[in-house]
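Report on the following structure.
The values are calculated or read from the model by the stated rules, or taken from the named source; none is laboratory data. Just so we're clear, the structure is a prediction, and the values are computed from it rather than from any experiment. Cβ placement follows ideal geometry from the backbone for every residue including glycine, while neighbour counts extend to all protein chains displayed. Heavy atoms of the whole protein, side chains included, go into the accessibility calculation; ligands, DNA and RNA do not. Shrake-Rupley method; radii C 1.70, N 1.55, O 1.52, S 1.80 Å.
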Amino acid sequence: MSRLDQSAAAKARQAHLFLVATGTLSTAHLPFWLNWLSVNRPHYKVTVGLTDSAEHFVSASALTAMTGTPVVRNTWDTADGLREPVHTRIAADYDGILVYPASVAFLSGLASGAGTSPFFLAALGTSAPVVIAPTFPPGVARNPIITDVLGRLDAVPHYHLVEPRKGTSRSTGAETDVTAPLWDAIAAFEAATTEPSATGAPDTETARTAAAVPVDA
């Protein structure tokens with residue numbers, strides 16, 4: 001697993017990211033992670049896309065205030081009844097797509113090649129890195145169906161799965177696989193867009209005392 005580079009040069013990096021948040025309890029922590037990102041990658045411009053179910057867990061107005069860019073909703077329909085090519089704009093205009101956190105529903109839809117929403121089509125059509133940070137209810141990650149889903153996604157050359165961390169289910173108290181810290185997803189994106197160092201020197205891992213891994217539903 002790639003480690004986050006905390007050097008001055010890394011903090012000066014620039015990127016334009018589209019972050020898709022899906023319908024999981026981990027999505028409630030997104031304002032915290034965006035605040036962390038603004039400190040550690042101050043020159044990253046982030047646009048957040050919310051699925052319909054994600055809107056139950058986090059405020060679009062709060063995300064807009066934190067990123068300085070309007071939240072994008074997962075629809076082609078506009079308020080005035082027109083249809084916009086949202087998927088092609090996302091696929092073409094960003095340096096990378098982060099699915100953070102990625103619900104089971106989103107993982108399954110993407111792995112099946114579903115073209116039922118702009119966010120699916122953007123992830124299917126982009127040539128930029130797509131970093132996917134799954135989160136699972138207890139027992140789900142061990143199901144062979146989900147194992148197959150993850151295998152399909154991992155087989156796509158420019159898709160990068162971020163391994164979940166062990167955490168605690170908020171609803172049952174059981175151990176489960178929860179979304180990795182955002183620094184793992186950013187490290188995966190940067191590893192995908194940076195040539196390996198000629199010296200082979202390892203990256204510097206960020207201080208992990210900044211936050212505990214969130215629990216999930």
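Of note:
- Filter pass, Ala102 being in contact with a Pro (Cβ under 8 Å, 6 or more places away or on another chain), free of Cβ contacts under 8 Å to residues at least 40 places away in the same chain and hydrophobic (A, V, I, L, M, F, W, C): no
- Some residue of segment 29-40 being in contact with a Gly (Cβ under 7 Å, 6 or more places away or on another chain) and either open to solvent by less than 20 Å² (accessible area, probe 1.4 Å) or part of a loop (DSSP other than H, G, I, E, B) (or both): no
- Residue match in segment 133-153 (condition: of a type in the set (D, E, K, R), open to solvent by less than 40 Å² (accessible area, probe 1.4 Å) and either free of Cβ contacts under 8 Å to residues at least 12 places away in the same chain or touching a helix residue (DSSP H, G or I) at 6+ places or on another chain (Cβ under 8 Å) (or both)): no
- The set of residues in segment 168-190 being of a type outside the set (A, V, I, L, M, F, W, C) and under 18 Å from the mean Cα position of the chain (by Cα) consists of Asp177, Thr179, Pro181, Asp184, Glu190.
- When residues of segment 78-126 are limited to those that are open to solvent by 50 Å² or more (accessible area, probe 1.4 Å) and within 16 Å of the chain's Cα centre (by Cα), the one nearest to Leu150 (Cα to Cα): Ala105
- Filter pass, Thr51 being touching a strand residue (DSSP E or B) at 6+ places or on another chain (Cβ under 8 Å), open to solvent by less than 10 Å² (accessible area, probe 1.4 Å) and not hydrophobic (A, V, I, L, M, F, W, C): no
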